[in-house]
1. Could you list, in sequence order, all residues of region 49-89 that are surrounded by fewer than 23 Cβ atoms within 10 Å (Cβ to Cβ), of a type in the set (G, A, S) and closer than 21 Å to D128 by Cβ?
2. Are any residues in region 196-225 touching a residue at least 40 places away in the same chain (Cβ under 8 Å) and over 19 Å from G88 (Cβ atoms), and if so, which ones?
3. Every residue in region 101-131 that is surrounded by fewer than 21 Cβ atoms within 10 Å (Cβ to Cβ) and assigned to a loop (DSSP other than H, G, I, E, B), please.
4. Those residues that are among the aromatic types (F, W, Y) and at pLDDT 90 or above, I need them from region 30-88; list them, please.
5. With respect to D21, is the statement that it is at positive phi, modelled with pLDDT under 85 and in the same structural domain as A109 (by TED's automatic domain parsing) true?
6. Quick check on my filter: what residues within region 212-237 are part of a helix (DSSP H, G or I) and exposed (fewer than 15 other Cβ atoms within 10 Å of the Cβ)?
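The values are calculated or read from the model by the stated rules, or taken from the named source; none is laboratory data. Everything numeric here is computed off the predicted structure, so don't read it as measured data. Virtual Cβ from ideal backbone geometry, glycine too; neighbours counted across all protein chains shown.
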Amino acid sequence: MIDWAAIAARAAEESAHARVDVAAFARHLSTLDLDAVPAHLGDLVLAFAAAHADPTAQSEVHRQLTRAARTTLPAAGYAEHIVDDTIGELAVTLLAGAKSPLLTYRGQASLGGWLRTLVARTALRLADLQRREARAASDSDSDLVDRVAASDLTRDLYRSELRDAVRRAFAAAITRVSYFERQLLADFLVREKGLDDIAKAHDVHRATAARWMARARAALDRELRAELHRDLVASESEVASVLDSVRSSIELSVERLLRD
């Protein structure tokens, strides 16, 4: 019988990127149904520590994840936005939840190789989702545009000479934010989920969900500003005036989200 307590103590002592509770790590090793000490025990320590929110370990896993995505996906023909979405989704999945898939890693292959496999599968799924979205108008995107258009201030804009420009700008801006950000915005605005619901769905703290939503709002704001500037050939102050009105009407300000 393998003495997992001794193995865990030695691995934890030798680890360069992680600090772990040796007893908890020994229990984790005993649950993996391993017939022998894994070849990549150091990587197993790293994955366990990252799954348990050790900041040094999480930083190293994120570095390896980013490297895996940026070195393999472009070579496989994936567009830059798929690379970015893959990194973003896996960073959340691996590092932001209480039930991280890192806890299923068994150390029989290198962590880098395991991450490359996960990156390839995730990119394939995201690319397929986005192709289907491009072929048919996404229900979430259309509903989000319609929800924006339904507000009082936006209805006023629709009756004005800017109505077509505003709708085009929203429709284009929504497709240019990442898939993850678009789903967050759709959850909040279309499906009317609160931050508590979103946090529970992703198994993260409410404050984390609020930060995600704030970043999604900022991304949509940035893309909307660029679209209106191109379409209207408007000055920055003119675009800002339109955005201020629209932003307040759809309640996407960071302050409102944090007060929810």
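1. Once the filter is applied, which keeps residues that are surrounded by fewer than 23 Cβ atoms within 10 Å (Cβ to Cβ), of a type in the set (G, A, S) and closer than 21 Å to D128 by Cβ, region 49-89 yields A75, A76, G77, A79, G88.
2. Passing the criteria: only L224.
3. Of everything in region 101-131, those that are surrounded by fewer than 21 Cβ atoms within 10 Å (Cβ to Cβ) and assigned to a loop (DSSP other than H, G, I, E, B) turn out to be R106, Q108, A109, S110.
4. To start, the set of residues in region 30-88 that are among the aromatic types (F, W, Y) comprises 48, 78.
Once the filter is applied, which keeps residues that are among the aromatic types (F, W, Y) and at pLDDT 90 or above, region 30-88 yields only F48.
5. No.
6. A218, R222, R230, E236, S237
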